[in-house]
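The values are calculated or read from the model by the stated rules, or taken from the named source; none is laboratory data. This is a predicted model, so every value here is computed, not measured. Reconstructed Cβ throughout: ideal geometry from the backbone, glycine too, with neighbour counts over all protein chains shown.
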């Protein structure tokens, strides 16, 4: 069975400021006035806001009220909520350790955490979800979530063979995005069935971009690589915020490098 045995060194040499250590502050909005401004836009445009827990529970909602004096937000679920709190999925979401909120404003992606999210039933028939204001939020350009190809053959994912758990595979990364990754499975390994889940895989993109994540296999098809094999398409599962921010930076820097190396049009 083909697999690599040596831990790779970083494919990038820190030769310019773009290779400086990761700084999440590049994407962070922490001034209360700026946070409030974005919240007001989300409310005014009735944007969909996806609320999700690390374990996978999720709910679509809209921001319907901002109480500046109390410092709270009120959300309306896009699906009716039971006033008696009997919604199993909603209760599982509310009982999680943290809730991440994600919304899109045209080409901008906003992400922030909500603490102490509660379901509140008023005198009317409507039910609301309420939470304190987020202390900060993160703003990403959607272009940064494009799928990119690493600039070397070194980046890899380490995971256990699904039928031989004691055997570790080190599979080359063909491309990567914020949502998932494409891997090359060597021709002497039989393809895996879609739906296969890995609870803990190690992603190694460069010296600063290494993280653990869950993976779920979405597709398997013959690879167009000269060496043959199978191209696996996998989604990230329960990718934490720190890892997502590091991945965002890697994608951004890879795009910048690709633009620098692309031939200039006359």
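No other residue among 102, 120 is assigned by TED's automatic domain parsing to the domain that holds residue 57, assigned to a strand (DSSP E or B), under 19 Å from residue 35 (Cα atoms) and modelled with pLDDT of 75 or more apart from 102.
Restricting attention to segment 123-148 and to residues that are farther than 30 Å from residue 255 by Cα and outside any loop (DSSP other than H, G, I, E, B), the residue that is modelled with the lowest pLDDT turns out to be 127.
Might you check whether a residue that is assigned to a loop (DSSP other than H, G, I, E, B), within 12 Å of the chain's Cα centre (by Cα) and either free of Cβ contacts under 8 Å to residues at least 60 places away in the same chain or under 29 Å from residue 98 (Cα atoms) (or both) occurs anywhere in segment 165-177? The answer is yes, given that some residue of segment 165-177 is assigned to a loop (DSSP other than H, G, I, E, B), within 12 Å of the chain's Cα centre (by Cα) and either free of Cβ contacts under 8 Å to residues at least 60 places away in the same chain or under 29 Å from residue 98 (Cα atoms) (or both).
Residue check: is residue 179 on the phi > 0 side of the Ramachandran plot and assigned by TED's automatic domain parsing to the domain that holds residue 248?
No.
Considering segment 221-232, and only residues there that are assigned to a strand (DSSP E or B) and buried (at least 18 other Cβ atoms within 10 Å of the Cβ), the residue that is farthest from the chain's Cα centre (by Cα) turns out to be 230. Among the residues making up segment 191-218, those that are closer than 12 Å to residue 243 by Cβ and either not in a strand (DSSP E or B) or not assigned by TED's automatic domain parsing to the domain that holds residue 234 (or both) are 205, 208, 209. Across segment 178-188, the qualifying residues are those that are surrounded by 16 or more Cβ atoms within 10 Å (Cβ to Cβ) and part of a loop (DSSP other than H, G, I, E, B), and the one among them that is modelled with the highest pLDDT is 186. Every listed requirement among (1) in contact with a strand residue (DSSP E or B) (Cβ under 6 Å, 6 or more places away or on another chain); (2) at pLDDT 50 or above is met by residue 3 save one, (2).
For segment 23-34, does any single residue satisfy the condition of being touching a strand residue (DSSP E or B) at 6+ places or on another chain (Cβ under 9 Å), over 30 Å from residue 205 (Cβ atoms) and either buried (at least 18 other Cβ atoms within 10 Å of the Cβ) or modelled with pLDDT of 75 or more (or both)? Yes, because at least one residue in segment 23-34 is touching a strand residue (DSSP E or B) at 6+ places or on another chain (Cβ under 9 Å), over 30 Å from residue 205 (Cβ atoms) and either buried (at least 18 other Cβ atoms within 10 Å of the Cβ) or modelled with pLDDT of 75 or more (or both).
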